[in-house]
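S.K.: Please read through the structure below; I'll follow up with questions.
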Amino acid sequence: MKIIRIGMGAFDVNCYVVIDQNKKEAMVIDPGMNSLEILSIIRGIRLKYIVNTHGHFDHLGGNTFLKNGTSAELVIHEKDSHMLTDPAANLSTLFMDPIVSVPADIVIHDENTVLEIGEYTFKIYHVPGHTEGSIALYNEEKKVLFSGDLIFNGSFGRTDFPGGSSKKLKNSLMKILELPPDTIVYPGHEEPFPLKEFIAHSENIFETLDV
């Protein structure tokens, strides 16, 4: 598995290109803006999925560009799917010109949903708290988690936007902490980190959650 991280936009969102080099299939997670770099990276590779971990504008601004340039299917959870086409809901109108994405091709309803690229299977976790429809993607074989804005190294996602909930976020974090401690977390912002680093300070971190 090859993972390429690209920082995007004023909010420095982590966009990830995940590639099975043997099967020449890939998915892109959270394309925050239009990117010729992504198209260059996946040249000669089938882009199977574009995945939004949640519906905030800084994570989906490049959806339409990638959809128009590839045959990929756009994936998002049902509870955030409306945010793709509603610039007020995706918060873009608060910070910049309205951003509207193409609608999703695959709307996730079930926690047991899996996405496959090549030989790699990713389990979808519904992890509300930052938004109602936040998701994380976990590959058991390589022990990697793409967490969106749920969890960072020593902190967690904001809960003060519409759809946010400290109580739900804490429950979502507890779910993720059941994964192996050597899981590498690839967050929506900032640097990747081993889950065990969060676990080591989780008691103090949870005290800052207002629940």
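Computed from the coordinates by the stated procedures, all read-outs in this text should not be read as laboratory data. For clarity, every value in this text was computed on a predicted model and none was experimentally measured. As a convention, Cβ positions derive from the backbone with ideal geometry for all residues, glycine included, and neighbour counts pool all protein chains shown.
S.K.: With N set to the number of residues, divide the alpha-carbon radius of gyration of the chain by 2.2 N^0.38 Å and report two decimals.
M.R.: Against the compact-globule rule of thumb, the ratio is 0.95.
S.K.: Shifting gears a bit: At most 14 other C-beta atoms within 10 Å and a DSSP loop state: those are the exposed trypsin sites (Lys or Arg not before Pro) I care about. Give me the longest piece of the chain that has none.
M.R.: Excluding the exposed sites themselves, the longest stretch runs over 44-141.
S.K.: Is the shape of the range 96-157 best called rounded, prolate or oblate, per the rule: a/c under 1.5 gives rounded, else a/b larger than b/c gives prolate, else oblate, with a ≥ b ≥ c the square roots of the Cα gyration tensor eigenvalues?
M.R.: Oblate, because a/c is 1.5 or more while a/b does not exceed b/c.
S.K.: Still on this structure, I have one more. Placing +1 at every Lys and Arg Cβ and -1 at every Asp and Glu Cβ, with all other atoms neutral, what dipole size does the chain have around its Cα centre, in debye to the nearest 20?
M.R.: Dipole about the Cα centre, nearest 20: 440 debye.
S.K.: Given the DSSP H assignment, sum -39500 (n - 2.57) over each helix run of at least 4 residues in the chain and divide by its residue total; what's the result at 222 nm in deg cm²/dmol, nearest 500?
M.R.: -4500 deg cm²/dmol, from helical runs alone.
S.K.: Taking only C-alpha pairs under 8 Å that are 6+ residues apart, what is the relative contact order of the range 2-207 in percent?
M.R.: 15 percent.
S.K.: For each of S35, S172, S166, count neighbouring Cβ atoms within 10 Å of the residue's Cβ, then give the residues from fewest to most.
M.R.: With the fewest neighbours first, S35, S172, S166 line up as S166, S35, S172.
S.K.: Taking neighbour counts of Cβ atoms within 10 Å as a proxy for exposure, in what order, fewest first, do D30, D12, D58 appear?
M.R.: The order, fewest Cβ neighbours first, is D12, D58, D30.
S.K.: Can you give the longest run of the chain that contains no GluC sites (Glu not before Pro) sitting in a DSSP loop with at most 10 other Cβ atoms inside 10 Å?
M.R.: Formally, the longest exposed-site-free interval is 1-140.
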